[in-house]
1. Cα atoms only, the stretch 1-132: Rg and Dmax in Å?
2. Of 1, 154, how do they rank once you tally other Cβ atoms within 10 Å and put the fewest first?
3. Please list the radius of gyration and Dmax for the stretch 93-132, considering alpha-carbon atoms only, with Å as the unit.
4. Taking trypsin sites (Lys or Arg not before Pro) as exposed when DSSP calls them loop (any state but H, G, I, E, B) and at most 10 other Cβ atoms lie within 10 Å, what is the longest stretch of the chain free of them, the sites themselves excluded?
5. Among 189, 54, rank each residue by its count of other Cβ atoms within 10 Å, from fewest to most, as a rough exposure measure.
6. Hey, rough spin-label estimate for residue 173 and residue 104, points 7 angstrom out along Cα→Cβ, what's it come to in nanometres?
7. Please build a GNM for the chain, connecting alpha carbons under 10 Å apart, and tell me which residue among 23, 106, 43 fluctuates the most.
8. Using alpha-carbon pairs under 8 Å, 6+ residues apart, how would you state the relative contact order of the chain in percent?
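No value in this document is a laboratory result; all are computed from the given coordinates. Since we're looking at a predicted model, the values are computed, not measured. Positions of Cβ are backbone-derived with ideal geometry, glycine not excepted, and every protein chain shown enters the neighbour counts.
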Amino acid sequence: MIRVLLVDDHKLIRVGLGKLLEAEAGIEVVGEAADGETALQLARELAPDVVVLDINMPGMNGVEATRRLTRLEPAPRILIVSMHSQDPVPARLLEAGAAGYLTKDAAADEIVAAVRQVHAGKRFLSADIAREIALGNVGGSPLAKLSDRELEVMLLVANGYGIPEIAERLHLSPKTVATYRYRLFDKLDLRNDVELARYALRHGLLEDVPV
């Protein structure tokens with residue numbers, strides 16, 4: 001039996017993934033978490049074989065959650081299911097120890113196959129993710145200059161979150177978030193949030209520009 005822990009801050013996604021996986025023979029969903037800290041606690045208590053993890057969560061970011069989960073004994077295999085398909089996001093997660101990476105528009109059978117494959121000790125990348133990593137030049141991209149936290153703040157700003165909301169989600173002070181925001185403008189040679197959103201859209205990190 002493959003024991004799975006689901007981690008996503010959207011309950012509807014957890015419920016949907018749970019129903020999908022529970023319908024499969026040999027897979028059992030043993031727990032759910034809405035943030036990285038809870039995921040770590042449940043992983044210690046439940047010892048899941050596979051953690052299906054989103055990267056945009058309140059508090060601890062997905063990269064750090066992946067690093068910490070892979071240090072547990074026994075360490076679960078990490079399968080990322082995210083909306084972000086282009087580098088440097090997938091590369092950062094794989095470097096942190098993730099065994100697989102899918103986008104949230106993956107077909108149901110692909111998600112099931114990914115859970116089984118990473119549990120078997122193999123790596124699973126959806127075709128679009130594999131193509132991005134194979135063709136991408138992460139080191140030459142301005143995005144490669146960003147820290148994990150800067151990248152996370154960028155994604156939240158680009159998705160229309162204000163400084164107070166980002167501060168609450170990431171457990172940071174508004175002043176710290178503002179510092180990250182201006183640092184992003186400087187590193188990416190941008191002037192405001194609209195340009196940042198357009199930049200994220202151009203690099204495949206955003207599905208649409210917020211109105």
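1. Taking only Cα atoms of the stretch 1-132, I get Rg and Dmax of 12.9, 37 Å.
2. Listed from fewest to most nearby Cβ atoms, that is 1, 154.
3. In order Rg, Dmax, the Cα atoms of the stretch 93-132 give 9.7, 26 Å.
4. Answer from the scan: 72-190.
5. Taking fewest neighbouring Cβ atoms as first place, the list is 189, 54.
6. Placing both labels 7 Å beyond Cα along the Cβ direction yields 3.2 nm.
7. Of 23, 106, 43, the Gaussian network model singles out 23 as fluctuating most.
8. Details: 348 pairs, mean separation 34.0, N = 211.
After rounding, I find 16 percent.
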